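Colleague: Once you've had a glance at the structure underneath, I'll fire off some questions.
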Amino acid sequence: MEIMRLVVTGPVGAGKSTFIRSVSEIEVVDTDRRATDDALLIKKRTTVAFDFGRLQFGPDMALHLYGTPGQSRFDFMWDILIQKAHAYILLVAAHRPHEFREARRIMTFMKQRSPAPMIIGLTHTDCSGAWDAANIALALGYPDPARRPPIVAVNANETASVAQAVISLVQFTWAGSLAPAT
Amino acid sequence: MTVTGYLADFSLPELFQLVEQGNKTGLLTICTLTDPTTVARHNHHIWLSQGQIVAAGNSLDQQGLMRLIAQRGWMGDRAVSRLAQSCQLNTPLGLCLKNQGVLTAEQLKLLFYTQVMRQVCALFALPDGWFQFDPKAPLPVSEMTGLIATATDVTLSGLRALKDWDALDEKLPDPSSALISVVESKPSLRLNPNEWQVWEFTNGTMAIKDIAQQLNLPVAKAQQIAFRLIVTGLAEEMPMIAAPPPAAFELAAPTSLEHGYATSVTADAAGAAPVSQSFLQNLVGFLKGKV
Ligand SMILES: Nc1nc2c(ncn2[C@@H]2O[C@H](COP(=O)(O)OP(=O)(O)OP(=O)(O)O)[C@@H](O)[C@H]2O)c(=O)[nH]1
Ligand SMILES: [Mg+2]
């Protein structure tokens, strides 16, 4: 069995679990629990362990998706997963500037620990108060548009949108080895 | 595009970092939220040109600088207005008055200090406020001295002088995080001795609380210094791995992860196994069918 492992990370409530559910064919293991006080302001339920989703698209080919827990501290499980990841997507809710700093922390952590390529997925761009991609890029520490990871808008609730984001991630990661799209 | 939000979500030092890194020109307005002790709301305006602060004030009537000059007793508003009429269209009022010989360079500096440094630095202590950055607002020459300060300099001075950190408490890096430098060479900013000391530890290996201990600083103080290094673009907060509790592995693995995954992972060599060309083609083809 050939397997590609993608990690879906990002601050609490960015849409990681939803993203994985939208593209997985198996019932995603639900590890959501009542959020503690901090996260309650944002949402009622939060993921306490890693999400896992799977998509088999050939007899011996599968995509595995891992979602990082929303509130947990960076522990050894993160390390194990990101060491094995082919690529990752950082989800950031565009309407929640409060979480931009957390997104930066996660990014710094990931970059330090893993050489895997990353793209940024902006969720909640349909919500009021959403910032535009250029300003979010600045807030995440990417002043130079020519030197930043690809940024895509994605609605984690829509399968088509999530599929497109995964395509972007795959195409970015294997830019050299994928033949031009037909 | 206009940027809006609340300072409790995106703090003033972060906002300054954003406008500076984005070389932004325009008007930043901060509207303090109704304070129970006063009925009126207060607006604060900060004008920026290419990421640098050129003026500040609390009204849009274009008279703020004139009032400051009058307050100093250097000249009455009327005299200033009259002189201002002969200024060239795009010349800052302060500079124009200096060119006419009515204000000295020292006086201009003092004006800028009062108008920008003092007013803006006071805003770092605001517990909250609604902000809006309007990139289309014209620069008001009649509010400008002609002097400028980088947003980073204002942040550094403002945060150094800040006594009450309550408003920013939540934004400070975690004591268990390390710091990692994001600049290639020694910072060109003028850091103070404590900042230099903390800067020496920006290699991603030592937790801020341990840096504090090494330097004999209170942890809160070290966090504040670290925050200054972060919002001035010198360092980033680097979360460190928490030590695993002895039983955590068994707890975490079976509930959430694919069976056998955790064991196979530890058995393998580090890094992701390469995937084949046909795998990639198939995957992309399959996903395209869902779009
Ligand atoms: N309107 C809108 N809602 C979205 C979007 N993406 C995700 N959501 C919603 O955001 C909420 C939070 O999503 P989750 O998938 O639970 O977020 P999470 O990142 O797993 O959260 P934690 O596990 O707590 O970190 C859900 O109600 C989603 O339906 C989007 O693009 N637009
Ligand atoms: Mg979740």
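Colleague: Can you give the FRET efficiency to the nearest 0.05 for B:SER81 and B:SER49, using r as the Cβ-Cβ distance and R₀ = 25 Å?
Modeller: 0.55
Colleague: Per residue and in Å³, how big is the convex hull formed by the alpha-carbon atoms of segment A:2-173? Kindly include the intermediate steps, with their values, before the conclusion.
Modeller: On the way: hull volume 18.9 nm³, N = 172.
So the per-residue Cα hull volume is 110 Å³.
Colleague: Ratio of Rg to Rh for chain B, alpha carbon only, Kirkwood?
Modeller: On the way: Rg = 25.9 Å, Rh = 22.9 Å.
When Rh is taken as the Kirkwood radius, the ratio is 1.13.
Colleague: Label points 7 Å out from Cα along the Cβ direction at B:LYS290 and B:ASP61: separation in nm?
Modeller: Going by the 7 Å Cα→Cβ label model, 6.1 nm.
Colleague: Extending each Cα 7 Å along its Cβ direction at A:ASP144 and A:THR159, get the distance between those two points in nm, one decimal.
Modeller: 4.2 nm
Colleague: May I pose another question? Working out 0.36 nm times the residue gap between B:ILE241 and B:GLN100, then minus their Cα-Cα distance, what length gain in nm do you get to one decimal? Present the calculation step by step, with values, prior to reporting the outcome.
Modeller: Working: separation 141, 0.36 × 141 = 50.76 nm, distance 6.26 nm.
My answer for the length gained is 44.5 nm.
Colleague: Classify segment A:84-140 as rounded, prolate or oblate, taking a ≥ b ≥ c as the square roots of the eigenvalues of its Cα gyration tensor: rounded when a/c is under 1.5, otherwise prolate if a/b is larger than b/c and oblate if not.
Modeller: Prolate, because a/c is 1.5 or more and a/b exceeds b/c.
Colleague: At R0 = 25 Å, how high is the FRET efficiency between A:LYS111 and B:ASP210 if r is their beta carbon distance? Nearest 0.05 is fine.
Modeller: Numbers: r = 22 Å, r/R0 = 0.89.
Using R0 = 25 Å, I get an efficiency of 0.65.
Colleague: With respect to the cross-link table entries B:LYS171/B:LYS221; B:LYS24/B:LYS163; A:LYS84/A:LYS111; A:LYS111/B:LYS288, which display a Cα-Cα separation exceeding 23 Å?
Modeller: Values: B:LYS171/B:LYS221 14 Å; B:LYS24/B:LYS163 29 Å; A:LYS84/A:LYS111 14 Å; A:LYS111/B:LYS288 29 Å.
Listed pairs above 23 Å: B:LYS24/B:LYS163; A:LYS111/B:LYS288.
Colleague: On full extension of the chain, what length is gained from B:CYS31 through B:MET1, given 0.36 nm per residue of separation minus the C-alpha to C-alpha distance?
Modeller: Numbers: separation 30, 0.36 × 30 = 10.80 nm, distance 1.90 nm.
My answer for the length gained is 8.9 nm.
Colleague: When every alpha-carbon pair in segment B:97-216 is counted, what percent end up more than 18 Å apart? Don't skip to the end; give the middle numbers.
Modeller: Details: 4872 of 7140 pairs.
Every Cα pair in segment B:97-216 considered, those over 18 Å come to 68 percent.
Colleague: Under the Kirkwood approximation applied to all pairs of distinct alpha-carbon atoms, what is the hydrodynamic radius of segment B:172-238 in Å?
Modeller: On the way: mean 1/r = 0.0883 Å⁻¹.
One over the average 1/r among Cα pairs gives 11.3 Å for segment B:172-238.
Colleague: If you build the Cα gyration tensor of segment B:3-161 and take the root of 5 times each eigenvalue, what three semi-axes come out, in whole angstrom, biggest first?
Modeller: Those come to 27, 17, 14 Å.
Colleague: Size of the dipole of segment B:3-161 about the Cα centre, Lys and Arg at +1 and Asp and Glu at -1 on the beta carbon, nothing else charged, in debye to 20?
Modeller: Working: 11 positive and 11 negative charges, 111 e Å.
Value, rounded to 20: 540 debye.
Colleague: Taking every alpha carbon pair in the protein assembly as shown, what does the distance histogram look like in 10 angstrom bins from 0, in percent?
Modeller: Reading upward from the zero bin: 4, 18, 25, 23, 15, 9, 4, 2, 0.
Colleague: Under the 0.36 nm per residue contour assumption, what length would be gained going from the current alpha-carbon distance of B:THR150 and B:ALA70 to full extension? Could the numbers behind the result be given before it?
Modeller: On the way: separation 80, 0.36 × 80 = 28.80 nm, distance 2.67 nm.
This chain segment gains 26.1 nm when fully extended.
Colleague: With only Lys, Arg, Asp and Glu charged, each at its Cβ (+1 for the first two, -1 for the last two), find how big the charge dipole of segment B:172-238 is about the Cα centre; round to the nearest 20 debye. Write out the running numbers ahead of the final one.
Modeller: Numbers: 5 positive and 7 negative charges, 46 e Å.
Here segment B:172-238 has a charge dipole of around 220 debye.
Bear in mind that the values in this text are calculations on the coordinates, not laboratory data. Remember, it's a predicted structure, so these values are computed and weren't measured experimentally. Here Cβ is always computed from backbone atoms with ideal geometry, including for glycine, and neighbour counts include all displayed protein chains.
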